[in-house]
Amino acid sequence: MVIVNIYYRLIKAGAKTIEQVPEIHRAEVQELLDNETTAAN
């Protein structure tokens, strides 16, 4: 889960995109991003 959080923070900082996240972690990172969007609404 640590690597997932790192990718999440990199995306939030604009340093990476979801497409640049390895497939093995992409779904978990996308879930964090989706949950943040849902929580903001």
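Every read-out reported here was derived from the displayed coordinates using simple, explicitly stated rules and does not represent laboratory data. Just so it is clear, the model here is predicted, and its values are computed rather than measured. Because the Cβ atoms are built from the backbone with ideal geometry, glycine has one as well, and the counts that use them run over all protein chains shown.
Close contacts from the stretch 5-17, counting a first residue that is without any contact (Cβ under 8 Å) to a residue 12 or more places away in the chain and among the charged types (D, E, K, R) and a second that is surrounded by 12 or more Cβ atoms within 10 Å (Cβ to Cβ) and assigned to a helix (DSSP H, G or I), with Cβ to Cβ under 7 Å and a gap of 6+ residues or different chains, come to Lys16/Tyr7; Lys16/Leu10. Selection of the stretch 7-17 for residues being in a helix (DSSP H, G or I) and either surrounded by 14 or more Cβ atoms within 10 Å (Cβ to Cβ) or on the phi > 0 side of the Ramachandran plot (or both) yields Tyr7, Tyr8, Leu10, Ile11. Taking the conditions exactly as written (of a type outside the set (A, V, I, L, M) and touching a residue at least 12 places away in the same chain (Cβ under 8 Å)), does Glu36 satisfy them or not? No. Looking at the stretch 19-39, which of its residues are surrounded by 10 or more Cβ atoms within 10 Å (Cβ to Cβ) and over 16 Å from Met1 (Cα atoms)? Those that are surrounded by 10 or more Cβ atoms within 10 Å (Cβ to Cβ) and over 16 Å from Met1 (Cα atoms): Gln20, Asp34, Glu36.
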